[in-house]
Structures are given as structure tokens and as C-alpha cells.
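Below is one structure, written out as C-alpha cells, with a few remarks after it.
Read-outs: derived from the displayed coordinates by stated rules, not from any lab. Since we're looking at a predicted model, the values are computed, not measured. Heads up, the Cβs are rebuilt from the backbone with ideal geometry, glycines too, and the neighbour counts pull from every protein chain shown.
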Amino acid sequence: MGQLTLDVEGATRTCPECGAGFELNKIGRPKVFCSKQCARRNSNRSYRLANRDALNEANRRWREANAERHRENARKWYWDNHEHAKGNYARWAKRNPEKARELQRSMQARRRARQRSGAIPYTVAQLAERMAFWGCRCWMCGGEFDEVDHVKPLVAGGIDCLANVRPACVSCNRSKGGRWPFPTEKAGT
């Protein structure tokens, strides 16, 4: 409960939810929270804490039944909250360094396996010719190119061959990510 203090104008209380001070009711039941929103927030939090296991199980069942929708929602959240997601991963990796190293190793191994599975070898000179074909400019926005992009991402079943690589700037390549097909009219914006 909030701390009861006496004020010059009357009795006041501090809201346990948001910390705001408010004047107590003169008639009826004494107020605990400063507003209905704070009371509702506190009630929802109490319910979630009391029923954590049941809610987690219900969420797990929904994710299994709606796997594709969950994946789409997770991807959308990641792109909408990229910096926050990176911070979450950094905090998790700091708390779990061994798991983080293992995750990195497995991701790198999967990427190498994808590259090897359908790779058609090419030389540095051939790659340079390919980049020159595109004017050494990002194929999505026309800016300076920094990286080689797989048009059909390896993660989406693309192969590592000259026909599938184009020059890309860092920002366009990161925004494209592993999406396929990629809407080229929205690229670089």
C-alpha cells in the first residue's frame, strides 16, 4: 500500500503503481491507486504473476498451432524494433556466453553448409566483372556498394553463384535480410 502522509491541504497518498501523489477520497472507500489505469495495470500484473505457468502453456500451444503467423509476427517485431532486439540479444549473450558461442558456431556452420550445398565456384576476377556490370553501385538504391548480396538469400534456398550475386550497400543489404521475394520498388527507402 502507498505511504500515508499529511499535507497542508489534506491527506495524500503515493500511488504504488506509478509513484504519483494524489489526494485521498473524503467519502467512501479510500483510494489505493491514483487512477483506474494504474489499478487495472496492477490487477493485470497480479493476474499474470499468479497464473504464469498456465499463460505460458497457452502461449506455447498457440505458437505451435500458428507457427507461420508467429514467425511472421516475430520477424515484423524484429525489423520494427531492431535496436531493441540487438540489445536483448547482447544482454542474453552476456548472461549466457557459452550458449551464445554455441549459437554463433551453429549459425556459421549452417551458413557454410548452405553455401557449399549449391555453390557454383567463381573467381575474384569474375566477381569483379559482375560488380562492374552493375556499375559498382547498390542494385537496390544506386548508392556506393559495400557488400556482395545474394539476390535470393542462401537461407531462402538461393545458391552461391555469379547469377545470384549483386552489389549492395550495407543499409539495403541489412534491410533486405533473408526475405524472398524482395520488393525492389521499396528497396533503399
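Just how many pairs of Lys in the chain have C-alpha atoms closer than 22 Å, counting pairs that are eight or more places apart or on different chains?
For the chain, the number of qualifying lysine pairs is 11.
Looking at Leu154, Pro183, Gly135, which one has the Cα that reaches farthest to the positive end of the dipole of region 124-186 (charges on Cβ: Lys, Arg +1; Asp, Glu -1)?
Pro183
Given N residues in the chain, what is its alpha carbon radius of gyration divided by 2.2 N^0.38 Å? Please report the intermediate quantities before stating the final value.
On the way: Rg = 27.0 Å, N = 189, 2.2 N^0.38 = 16.1 Å.
Compactness ratio reported: 1.68.
Would you kindly state how much longer the chain becomes between Asp53 and Gln115 on full extension, computed as 0.36 nm times their sequence separation minus their alpha carbon distance, in nm to one decimal? Display every interim value, and only then the final one.
Values: separation 62, 0.36 × 62 = 22.32 nm, distance 4.14 nm.
Taking 0.36 nm per residue and subtracting the Cα distance, the gain is 18.2 nm.
Tell me, what HN-Hα J-couplings in whole Hz come from the Karplus equation 6.51 cos²θ - 1.76 cosθ + 1.60 at θ = phi - 60° for each residue of region 142-147, using x for Gly and Pro?
Residue by residue, region 142-147 yields x, x, 4, 8, 10, 9 Hz.
Taking the Cα-to-Cβ direction at Ser171 and at Ala11 and moving 7 Å from each Cα, how far apart do the two end points lie in nm?
Spacing of the two 7 Å Cα→Cβ label points: 5.9 nm.
Taking the highest mean first, how do the peptides 83-92, 35-44 order by number of other beta carbon atoms within 10 angstrom per residue?
Numbers: 83-92: 11.1, 35-44: 13.0.
The most tightly packed comes first, giving 35-44, 83-92.
Taking amide H positions as placed 1.01 Å from N in the peptide plane, with prolines and chain starts having none, which residues 5 or more places from Val165, or on another chain, fall under 5 Å of its amide H?
Counting only residues 5 or more places away or on other chains, the set is Val151.
Evaluate the distance, in nm, between pseudo-label points positioned 7 Å from the Cα of Ser43 and of Arg95 along their respective Cα→Cβ axes.
3.1 nm
Using r as the Cβ-Cβ distance of Gln108 and Arg61, and R0 as 35 Å, what FRET efficiency do you calculate, to the nearest 0.05? Spell out each step's value before the answer.
Working: r = 33 Å, r/R0 = 0.94.
Given R0 = 35 Å and the Cβ-Cβ separation, E is 0.60.
When the Cα atoms of region 124-186 are enclosed in a convex hull and the volume is divided per residue, what value in Å³ results? Please report the intermediate quantities before stating the final value.
Working: hull volume 4.9 nm³, N = 63.
Per-residue hull volume (Cα only) is 77 Å³.
Normalised by the number of residues in region 70-189, what is the relative contact order in percent for Cα pairs under 8 Å and 6+ residues apart?
Working: 122 pairs, mean separation 25.6, N = 120.
Relative contact order, region 70-189: 21 percent.
Normalising by the residue count of region 124-186, find the relative contact order in percent from Cα pairs under 8 Å and 6+ residues apart. Mind dumping the intermediate values first?
Working: 85 pairs, mean separation 21.3, N = 63.
For region 124-186, the relative contact order is 34 percent.
R0 = 25 Å: FRET efficiency of Leu127 with Trp180, Cβ-based, nearest 0.05?
Details: r = 22 Å, r/R0 = 0.86.
It comes to 0.70.
For the chain, return all DSSP H helices satisfying: extent of Cα atoms along own axis at least 27 Å; mean Kyte-Doolittle hydropathy at least 1.6. All intermediate terms of the calculation are to be shown ahead of the outcome.
Numbers: long enough: 97-118 (32 Å, -2.06).
Span-like helices in the chain: none at all.
Provide the packing ranking of 122-128, 153-159, i.e. peptides ordered by the mean count of other C-beta atoms within 10 Å per residue, highest first.
On the way: 122-128: 10.9, 153-159: 15.6.
For the peptides 122-128, 153-159, the packing ranking is 153-159, 122-128.
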